[in-house]
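Accompanying notes for the structure given below.
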C-alpha cells in the first residue's frame, strides 16, 4: 500500500484536478492508518467475537440482512469480505484498500475519516433461515437456532423481525457505528439487502465492572446485576457455546434481539411509587426496594419487593439460575402517528449459550411482569454468533462453510 | 427546596417503602443540582436564545408541535412552563421541582439523571400557523413568517413538515437531548401534540472557530465557510432580526429546517472525481478544487470549480452576499422499504434574519446544483425564534403575547 500511495502522490504532483483529488484522498487514508494506533481500538481477533463481552460502548447501529442470491459461494465470499472490512474499520482504517484511481468510486464512504476507531466493534451473526435449502447448510444448523416461539405479549412486526445475517456495530461515536453498517451494506450490494435496522443512542447495560450503571428511558438504572466481562466462569457457563454445540460454533454464542416499545406517556403518568413497585428498585438510587444502595443484594424473601416486580421475576433465583448477558440500547424512532405518542424504548440485545435461556425468562416475564402494562415487544430476532477469528486470513463463519460435510 | 428535601428525608427515616422511595428520589434531585455547577452548562439567559450561535453540540433532537386547544392563555402558559423547564434542564436540573409525594408521578422522567448538563440548549420557535385566527395573534405576524414556497426539487411529506411550535434540543449526549424533548412534550400534554420529530446523530456544521469541521454522510467536510459565533458583525447582519422586525422578535431569528434525504446508494457508486466535482472540494482534505488546504479561499474565477458545483452555487459571491448560519445534523431513520435503501441524510437547520435568504439560496441550488442528482428534500418548516430571556421570571414569546395590541 505504501508503494501505491507513493505512486499516487507522484501523479498528484503532476497536477490536474483528478490527480489532486486522488492525492488528497490517499493522504487521508494514510492519516487514518495512523489513527489506528491511537489506543481507542478494540482488538478484532480473539477467541470470541468482540462486541459481546466487550464493555458496552455508548452507541449502536444494528442491521439485519436477507441474502438475495442462492449460491453458497457468494455468501461465503461476503463473509470473507465483511470480516476483512470489519477488521480494518475497527482499527480506524477505511473499509477497503484505496481504489487505484479517481475514476472509480471511493472504497470507503468517508464519513468516519478523522473520528478514530472509537472502540468500534462489529459482531456478525447467522439467522435460522440461512440454514434452509438454499445454501446446503441445513444439516449444520445448531439445534437451538430456531425462530423464537410466540411469547406472551408479543405484537411483532414481521418486517422488522428475523433475517439471514446480522451485524451489530457498537462504538462510542454514533457516526462510526453508522459508517460501519453502511459500508458493510455497500460491500454486500448484490448479495444481501438490508431487512431492518435499529439505531440505539444510549447503552442500558453494563458488561464490565469498570462501568457505571446507565438509566433506561423509564428513568431507572438498568443492568445492575448483569453478567460482567470479568466473570469468566459465568460467561463460560451462560454465554459461550461449549461442547454441546457444533464445532464451528464453539466459543460463539446466540444473540436475541427484541425491540421493546415503551408506552412512554402511560409510564410518565404513573406515580413514583407505582413505578418503583413495578421495577422493584428505587428510582434515584437504583436500590432494591427496602434497601439503600444500588449494589445491596436483592433479598427476594423480604416483603419489600412485590410479587410481580420486574427484578423478582427476572432474578436468577426465580429462574433456576438462568442468566443472560444483556447489551441493550435506548432508542427513539420519532413519533408514532397511530398512537400519537413517542416511538421509543429499549432495543434489547442478549447473548446466551442457548436461546432457550431467553425464552424461559421471557415466558415468565411476559405472563406476570408488572412491567407489561407499559411495554410491548414489536420485533424479535435470533442469530448464531460464530467464534472470533484468530488471524488476518481467517473469516467469520469459515468453520461452518468449510466443514467436511 | 432545601426545606422540602429535609422534610422528605425525615419522612424517609420513618421508613416504609413509599417513604424510602421519596427520599431516594429527592437525594437524586439534590445531586443533580450540584452537577449544574459542573461547568458543562450553556447559560440559558441572554440577549439571544442559546442554541443558535452556541458552538454546535454533537447531537440533536428536534420536534415540532401542533397546539390542540384554542385559547391564547393556554399557549401562553405553556411557553411560560417550557421556558422554566428549559432553564432548569439546561442547568442539569430536573425539568420541574420535585413532586411533594410518591403518590404523584415524578416531575422529571429521570433518564438524564447523572448525565450532567452536557451543554444542552433548548431553542423554541413559533410557526406560521400560530398566527392564524385561533389565538388573536394574526396582526402580530412578522411579514416574512410564511410557509416556504414550493422550491425546485421538493418532494415534501406534509406530515413531517410545518407546525405551530418547535423545540430544538442540542447536547453532547443524545440521551440529554431526548430527555429535554420528552419532558417538554410531557409538560405540554393536553395543550400540544407532537407533529413530527427528528434525531440527529452527528453535527455537520461548525458555528465557532474553536471547532473542527465535521463530515456529512457524503463523506465530505461540511460547513467550512459557515458563519461563526465569533463574527458578531456578520451575525447582526445576517442572523439576528433588527429594527425591520416587530419589537417582540428583535434579537431573535428565523429558523428553516429541511430534511434532506441522500440517495446514499447512488452516491456511493459515483466515482471520487464525480463526487469531488459535484461538491467542488476534495474529499479528504476538504480543499476547494484546485487548492490544497481546507481553508484556502474559494476562487470562483479559476477553472477548477465546475459551473454546477455545490460550493460555487452556494457561495455568497454567487448570491449577492446572502449568508445563513447553518446548524445541521446527520440522521438515519433506518431502512426505506419502498426504495430498498438506507433512509439517511442531512437534517438541515439554518438561522437567518429573513427566511427569504434561504429561499433565494435554495432556488438557485434546487435549479442548478450538481448535488440534486443525489438528494431530495422530504420535509420543510420555518419558525420565528424569539429573543432570549433576561431573567428567571421572563419567558420565551412574552413580548408577543403581552404586547399592547
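Tabulated data for the structure shown
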item	result
Entirely in region B:231-289, the helices (runs of 4 or more DSSP H) that have 1 or more residues that are within 14 Å of chain A (Cβ to nearest Cβ)	B:264-269, B:272-279
Residues located in region B:134-150, provided they are assigned to a helix (DSSP H, G or I) and closer than 19 Å to residue B:192 by Cβ	B:134, B:135
Test: residue in region B:297-319 that is at positive phi and either touching a helix residue (DSSP H, G or I) at 6+ places or on another chain (Cβ under 9 Å) or away from every other protein chain (no Cβ under 11 Å) (or both)	no
Residues (farther than 20 Å from residue B:60 by Cβ and facing chain B (nearest Cβ under 8 Å)) located in region A:329-340	A:337, A:340
Among the residues listed as A:112, A:177, A:169, the single one being assigned to a loop (DSSP other than H, G, I, E, B), modelled with pLDDT of 95 or more, closer than 30 Å to residue A:40 by Cβ and within 14 Å of chain B (Cβ to nearest Cβ)	A:112
Residue B:141 being in the same structural domain as residue B:272 (by TED's automatic domain parsing), in contact with a strand residue (DSSP E or B) (Cβ under 7 Å, 6 or more places away or on another chain), more than 17 Å from residue B:85 (Cα to Cα) and free of Cβ contacts under 8 Å to residues at least 40 places away in the same chain	no
Residue in region A:140-163 that is within 14 Å of chain B (Cβ to nearest Cβ) and buried (at least 24 other Cβ atoms within 10 Å of the Cβ) present	yes
Given (1) within 24 Å of residue B:362 (Cα to Cα); (2) outside any helix (DSSP H, G or I), number of the condition residue B:129 does not satisfy	(2)
Checking residue B:3 against (1) farther than 30 Å from residue B:200 by Cβ; (2) at pLDDT below 50; (3) within 14 Å of chain A (Cβ to nearest Cβ), the condition it does not meet	(3)
Close pairs from region B:48-63: first facing another protein chain (nearest Cβ under 10 Å) and surrounded by fewer than 24 Cβ atoms within 10 Å (Cβ to Cβ), partner at pLDDT 95 or above and in a loop (DSSP other than H, G, I, E, B), Cβ under 7 Å, at least 6 apart	B:58/B:172
Identity of the residue in region B:111-124, touching a helix residue (DSSP H, G or I) at 6+ places or on another chain (Cβ under 7 Å) and farther than 30 Å from residue A:282 by Cβ, that ends up surrounded by the fewest Cβ atoms within 10 Å (Cβ to Cβ)	B:124
Single residue of region B:183-212 satisfying the filter (surrounded by fewer than 19 Cβ atoms within 10 Å (Cβ to Cβ) and under 19 Å from the mean Cα position of the chain (by Cα)) that is farthest from the other protein chains (Cβ to nearest Cβ)	B:208
Subset of region B:76-103 [crowded, with 20+ Cβ neighbours inside 10 Å and more than 27 Å from residue B:127 (Cα to Cα)]	B:92, B:93, B:94, B:98, B:102
Single match in A:127, A:136 (criterion: surrounded by fewer than 19 Cβ atoms within 10 Å (Cβ to Cβ) and in contact (Cβ under 8 Å) with a residue 60 or more places away in the chain)	A:136
Residue check for residue A:106: within 21 Å of the chain's Cα centre (by Cα), outside any helix (DSSP H, G or I) and crowded, with 17+ Cβ neighbours inside 10 Å	no
Any hit, region B:89-97, residues being outside any loop (DSSP other than H, G, I, E, B) and within 28 Å of residue A:273 (Cβ to Cβ)	yes
Candidate set from region B:277-287 (those that are farther than 17 Å from residue A:183 by Cβ and under 29 Å from the mean Cα position of the chain (by Cα)); member that is surrounded by the fewest Cβ atoms within 10 Å (Cβ to Cβ)	B:285
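The values are calculated or read from the model by the stated rules, or taken from the named source; none is laboratory data. Quick caveat: nothing in here was measured; it's all calculated off a predicted structure. Neighbour counts run over all protein chains shown; Cβ positions are idealised from the backbone, glycine included.
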